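The values are calculated or read from the model by the stated rules, or taken from the named source; none is laboratory data. Predicted model only: the values in this text are computed from it and were never measured. As a convention, Cβ positions derive from the backbone with ideal geometry for all residues, glycine included, and neighbour counts pool all protein chains shown. To get the accessible areas, we keep the full protein, side chains included, count just its heavy atoms, and leave off ligands, DNA and RNA. Shrake-Rupley method; radii C 1.70, N 1.55, O 1.52, S 1.80 Å.
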Amino acid sequence: MNQEPCATNKSDPCDLRYNPRMTQQFIRRASEADCTLLAELGAKTFYDSFAAQNAPENMAAYLAKTFGPEQQRAELTDPQNTFLIAENDGVAIGYAQLRTGEPPVCVSGPKAIELVRLYVSATLQSAGIGGKLMDACLKEARQRGYQTIWLGVWQQNTRAQAFYKRWDFSIVGEHVFQLGGDPQLDWIMQRSLTTDETN
């Protein structure tokens with residue numbers, strides 16, 4: 001992976017390698033100024049989640065295509081996208097991305113929005129940050145009038161599937177996710193936003 005590691009200085013807003021005390025957690029909406037932070041955060045969390053299960057050349061190709069600063073800037077300025085960044089003491093420790101657009105035909109619920117990504121630093125996988133990001137995404141989607149939320153999750157990623165099932169997502173179909181030269185199968189999952197205001 002041709003990706004420079006984030007600095008180890010705790011004050012660096014993209015430092016993902018320290019293991020902090022959970023003291024001042026905050027979720028904020030990202031702006032165009034966060035393009036470099038999101039490029040580093042996205043590449044690091046994706047790599048940590050999937051590098052061990054995939055060929056290095058496919059990981060490198062996907063990271064280069066998906067997480068460059070200019071690509072992130074384009075996504076941040078696209079009105080179809082909303083990014084939420086989780087921070088602790090000013091350090092970014094996770095993020096989520098919502099995107100509007102036409103859902104796949106297997107998503108049957110009305111007024112659907114996609115949860116494109118939800119990632120947390122590997123050192124904080126059990127600290128409850130993912131749940132806080134999910135809660136923020138559901139609230140954001142409801143406030144904007146959406147009634148259904150859907151996502152794609154790798155069929156081999158059973159941990160993520162279990163997390164989504166706890167949040168009342170259910171499998172409704174599948175699609176191909178292209179990781180470099182490797183076409184992989186994702187489950188498509190959806191849930192209603194019109195019931196159970198909180199998990």
For this session: Show that you can apply the helix-only estimate: for the chain, add -39,500 (n - 2.57) for every DSSP H stretch of four or more residues, divide by all residues, and state [θ] at 222 nm to the nearest 500.
Result: -9500 deg cm²/dmol
For this session: Any chance you could list P(r) for region 64-171, counting all Cα-Cα pairs in 5 angstrom bins from zero, rounded to whole %?
Result: 2, 11, 20, 24, 22, 15, 6, 1, 0
Problem set entry | Principal axes of the chain: Cα extent on each, largest first, Å | 45, 40, 31
Exercise. Which percent of the accessible heavy-atom area of the chain goes to carbon and sulfur, probe 1.4 angstrom?
Worked result: 48
Seminar exercise, completed: Relative contact order of region 61-140 (C-alpha contacts under 8 Å, at least 6 apart) in percent is 23
Seminar exercise, completed: Going through Lys44/Lys132; Lys44/Lys165; Lys65/Lys132; Lys65/Lys139; Lys139/Lys165 one by one, the pairs whose alpha carbons sit over 23 Å apart turn out to be Lys44/Lys165; Lys65/Lys132; Lys65/Lys139
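Over region 65-199, what relative contact order in percent results from Cα pairs under 8 Å that are six or more residues apart? Write down the numbers at each step before the final one.
Details: 210 pairs, mean separation 26.1, N = 135.
For region 65-199, the relative contact order is 19 percent.
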For this session: Only Lys, Arg, Asp and Glu count, each charged at its Cβ (+1, +1, -1, -1), so figure out the dipole size of the chain about its Cα centre, rounded to 20 debye.
Result: 520
Exercise. Looking only at Phe83, Phe169, Phe50, which one moves most when the chain is put into a Gaussian network model with springs between Cα atoms under 10 Å?
Worked result: Phe50
